[in-house]
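Comments concern the structure below.
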């Protein structure tokens with residue numbers, strides 16, 4: 001209830017572009033992150049044996065890779081599929 005009320009109160013405010021972009025690719029992030037995490041788990045050594053600085057660098061790399069893959073998936077899969085769906089619904093050829 002509070003989330004809905006906050007959303008309604010803020011509905012006319014401009015959303016920062018970075019947050020809008022994250023919202024745009026969020027479904028791809030949702031779909032790809034388990035695959036990426038599974039791949040990371042196969043190659044990682046014992047986490048506590050790795051220095052914190054290396055773990056943080058690896059985390060930054062994984063997040064960057066996830067965001068890049070998600071952006072590409074949105075650009076080459078989601079957006080074309082959405083355009084196709086709109087064309088099919090409107091009856092345009």
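Here, each number is a calculation from the coordinates, and none is a lab measurement. Since this is a predicted model, take the numbers as computed values, not measurements. Ideal geometry is used to build each Cβ from the backbone, glycine not excepted, and the neighbour counts take in all protein chains shown.
Observations
- In segment 11-36, the residues that are surrounded by 10 or more Cβ atoms within 10 Å (Cβ to Cβ) and not in a helix (DSSP H, G or I): 15
- If the condition is being assigned to a helix (DSSP H, G or I) and exposed (fewer than 10 other Cβ atoms within 10 Å of the Cβ), then segment 1-10 contributes 2, 3, 4, 5, 7, 8, 9.
- Criterion: within 15 Å of the chain's Cα centre (by Cα) and either without any contact (Cβ under 8 Å) to a residue 60 or more places away in the chain or part of a helix (DSSP H, G or I) (or both) - qualifying residue of 68, 39, 85: 68
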